[in-house]
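> Here's a structure for you.
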Amino acid sequence: MTQLLTSPDGTPASRLAFGTMQFGGRADARESAGMVRDCLDAGLTHFDTAHVYNDGASEQITGRLLRPHRDQVIVATKAGFKGGAGRANILRQFDESRQRLDMDMVDVLYLHRFDPDTDLAETMETFAELRARGQIRHVGLSNFAAWQVMKAQWVAARFDLRIAIVQPMYNLVKRQAEVEILPMCADQSIAVAPYSPLGGGLLTGKYARGETGRLSEDKGYAARYAPDWMHDTARDLIALAAELGTDPATLAVAWVTMHPAGPTPIISARSAAQLAPSLAALSLDMDAELRARISALAPAPPPATDRLEEA
């Protein structure tokens, strides 16, 4: 059973989280406000941003929209994507984040990626200091391999800390997390909030319809989802959604939530209309048979062991 995060007043984390990476970028202030309103109306209590998103605009808009609901929501941000995981950089970025959010405390502070050049003891001691100040409640890790999470967990214990939540990439065509990260989280009672459940929009069917988005606008995303089989999987998911009378985005998000580790996928969008199919995953009744049918549309990653006869 994974650890259950709660808001400051004890409200449990919702089954979906909302990522505000688009705020101040592809989503303007009006669209951002509409999406937050729809998320709150749908019962979402978990909101995710980062120091690096849109040069701080995401945190500013996120803070302004969530402050009236502060005690009832979980607010997460991230530090260390640029500049490393050293004490000075983490403290500087987190101070900037708190100023942008206009919040004295955040519920989760993630280290945004593993830094091989900084001793994890320095990083974890810094997080322990922030917790002692009452400025963070939980420690999270984003974009970490399973061995890196376990190393951080071991180091964190020296400072009376534990890793509460991790944030890997996970969707129907990016399934590496199934091999070690998701089983590790279940074993260690670590919450998991996967990002990109829609594969940069690939699994919505938008590119098959000739629309534009991250895959057509961002070289990194285009390379990440370049293999032809991924696009074939997206088309198969579209066909299945049509057969079932639903939206492929709804199926894609629900498929992630139904993993046995109980992940809380981070959904995101440019507009309320684009967000609606992802929110609809909350009411989709997906049984094991349907999840298996969707899983069969894409190759599963090989197991972590070469002793396949024992798998």
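> Please indicate, with yes or no, whether at least one residue in the range 235-247 is without any contact (Cβ under 8 Å) to a residue 60 or more places away in the chain and of a type in the set (S, T, Y).
For the range 235-247, residues without any contact (Cβ under 8 Å) to a residue 60 or more places away in the chain and of a type in the set (S, T, Y): present.
> Considering D247, D285, which residue is at pLDDT below 95 and farther than 14 Å from L172 by Cα?
Sole residue among the options that is at pLDDT below 95 and farther than 14 Å from L172 by Cα: D285.
> Could you count how many residues in the range 30-53 are free of Cβ contacts under 8 Å to residues at least 12 places away in the same chain and touching a Lys or Arg at 6+ places or on another chain (Cβ under 8 Å)?
The total comes to 0.
> Okay, next question. Would you mention how many residues in the range 175-197 are in a helix (DSSP H, G or I), in contact (Cβ under 8 Å) with a residue 40 or more places away in the chain and of a type outside the set (G, A, S)?
Residues in the range 175-197 being in a helix (DSSP H, G or I), in contact (Cβ under 8 Å) with a residue 40 or more places away in the chain and of a type outside the set (G, A, S): 5 in total.
> Scan the range 210-235 residue by residue and report those that are touching a Phe, Trp or Tyr at 6+ places or on another chain (Cβ under 7 Å) and of a type in the set (D, E, K, R).
The one that is touching a Phe, Trp or Tyr at 6+ places or on another chain (Cβ under 7 Å) and of a type in the set (D, E, K, R): R214.
> Name the single residue, out of those in the range 213-231 being crowded, with 18+ Cβ neighbours inside 10 Å and either among the small types (G, A, S) or not in a helix (DSSP H, G or I) (or both), that is modelled with the lowest pLDDT.
Result: G213.
> Follow-up question, since we're still on this one. Go through the residues of the range 271-285 one by one and say whether even a single one is surrounded by fewer than 16 Cβ atoms within 10 Å (Cβ to Cβ), out of contact with any Gly (no Cβ under 6 Å at 6 or more places or on another chain) and of a type in the set (A, V, I, L, M).
Checking the range 271-285: at least one residue is surrounded by fewer than 16 Cβ atoms within 10 Å (Cβ to Cβ), out of contact with any Gly (no Cβ under 6 Å at 6 or more places or on another chain) and of a type in the set (A, V, I, L, M).
> Is there a residue being under 30 Å from F127 (Cα atoms), in contact with a Gly (Cβ under 7 Å, 6 or more places away or on another chain) and either hydroxyl-bearing (S, T, Y) or part of a loop (DSSP other than H, G, I, E, B) (or both) anywhere in the range 164-174?
no
> Now, a different point. Please count how many residues of the range 281-300 are farther than 18 Å from L202 by Cα and free of Cβ contacts under 8 Å to residues at least 60 places away in the same chain.
Count: 11.
> I would also like to ask the following. Taking the range 92-126 only, how many residues are part of a helix (DSSP H, G or I) and under 18 Å from T49 (Cβ atoms)?
Number satisfying all stated conditions: 10.
> While we're on this one: Just one of the numbered conditions (1) over 20 Å from A269 (Cα atoms); (2) part of a loop (DSSP other than H, G, I, E, B); (3) modelled with pLDDT of 95 or more is not true of R15; which one?
Only one criterion in (1) over 20 Å from A269 (Cα atoms); (2) part of a loop (DSSP other than H, G, I, E, B); (3) modelled with pLDDT of 95 or more is unmet by R15, namely (1).
> Right, here's the next one. Which residue out of G210, G200 is under 14 Å from the mean Cα position of the chain (by Cα), in a loop (DSSP other than H, G, I, E, B) and either closer than 30 Å to A121 by Cβ or not charged (D, E, K, R) (or both)?
Going through G210, G200 in turn, the sole match is G200.
The values are calculated or read from the model by the stated rules, or taken from the named source; none is laboratory data. None of these values were measured; they are calculated from a predicted model. Please note: Cβ atoms are built from the backbone with ideal geometry, for glycine as well, and neighbour counts cover all protein chains shown.
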